[in-house]
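Each remark here refers to the structure printed beneath this line.
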Amino acid sequence: MDKKLKATHEGNLVLNEFNISAYNLPDGERVLSRIGFLKAIGRTGKAKGGRQYDDEFKTPIFLSANNLKPLLTEEILENSKPILFTDLNGNDSIGYRAELLPQVAHLFSVAYHKNMLKPNQKHIGIQSDILVKAFLKISITSLVDEATGYQYEREKDELQKILKQYISEELLPWQKRFPDIFYKELFRLNEWDFTVNGIKKRPGVIGTWTKKLVYEQLPKGVLNELEKNVPKSNKGNKTARFHQLLTDDIGNPHLTAQINQIVTLFQLSDNMKHMWEQFERLKLRQSGQMELPFNFDEKGHTIEPIEKNNLSDFNQKLKKGLDYNPKED
């Protein structure tokens, strides 16, 4: 059990039709009340066993089913440890780290789409699917800070603070950060062969997609800092991966969370065009025609060769119309 702390900020987080008490603790932790957490993922009733249950067992009851064990990670198990704290009125409270909610939602969503859930768990899978799509729009940290009002008290140099948290001063040893399922799903969406030869044919475009889907979604300024500091050879080629510059405590966990979100998006998509459409809808953008970054055939697969500035027929005609000058006729 974590050391008892008193919340510095408190508020009501509205997520779909559920209200969850949210808190900021003095150590920087964002916490959701346990009862609100359980309701948000579709569980009803009170938390089983109270504090004694938490002290006695490491894994919460909602994650203890045998059919979920293959999907449990060390990160989820660590975040699922309950936090004991006091609210602004001095009342003892129990909660979970806010980042556990999108992690649990992702777990149940994957289990739901893989038909791993039991009949009495399927409603949790459906609710988790909704949550996953919501969290692709905005991070749980931002939601909590908005609900508690903490966002208005952030330091003026928050960007530099975030960069310091994300960017490691020393290059970390290479570790595998992108799971095989990320690439398998990416190839499935295009009906590409997931073989050694198939992978060798498309390294460039996969890197472009990875940057757009994952690294560009990290906090503002992080990708620019990574591109500026990544080691390069005399010929200007990168000699290390971006994630080797990310910090182990902040940067890489956020990277992993973003990868998991994109994997879920892949699994919920029928083809690459469908995936890009869903991805673009989830981002805040100005009104107007939605521009997809690549062209697709009637099956929704990427058209090759892939060019960065390749315009669709509609956009070529639109550009021709906009460029038209009647004085030149």
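The values are calculated or read from the model by the stated rules, or taken from the named source; none is laboratory data. Predicted model, so just to flag it, every value in this text is computed and none were measured. Don't worry about glycine lacking a Cβ; one is built from the backbone with ideal geometry, like all the others, and counts go over all protein chains shown. What goes into the accessible areas is simple: the full protein's heavy atoms, side chains included, and nothing from ligands, DNA or RNA. Shrake-Rupley method; radii C 1.70, N 1.55, O 1.52, S 1.80 Å.
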Qualifying positions in region 29-58 - at pLDDT below 85 and open to solvent by 40 Å² or more (accessible area, probe 1.4 Å): R43, T44, G45, K46, K48, G49, R51, Q52, D55, E56, F57, K58
Residue match in region 97-114 (condition: surrounded by 14 or more Cβ atoms within 10 Å (Cβ to Cβ) and free of Cβ contacts under 8 Å to residues at least 24 places away in the same chain): yes
Subset of region 217-243 [surrounded by 14 or more Cβ atoms within 10 Å (Cβ to Cβ) and closer than 25 Å to G28 by Cα]: Q217, L218, P219, G221, V222, L223, E225, L226, H243
Counted residues, region 272-296 - those being surrounded by 13 or more Cβ atoms within 10 Å (Cβ to Cβ), more than 17 Å from the chain's Cα centre (by Cα) and modelled with pLDDT under 80: 5
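Could you please give the count of residues in region 263-282 that are aliphatic (A, V, I, L, M) and in contact with a strand residue (DSSP E or B) (Cβ under 8 Å, 6 or more places away or on another chain)? Before you say what the answer is, go through the steps one by one.
From region 263-282, those aliphatic (A, V, I, L, M) are 263, 265, 268, 272, 275, 282; that's our starting set.
Next cut, in contact with a strand residue (DSSP E or B) (Cβ under 8 Å, 6 or more places away or on another chain) only: 272.
Final tally of qualifying residues: 1.
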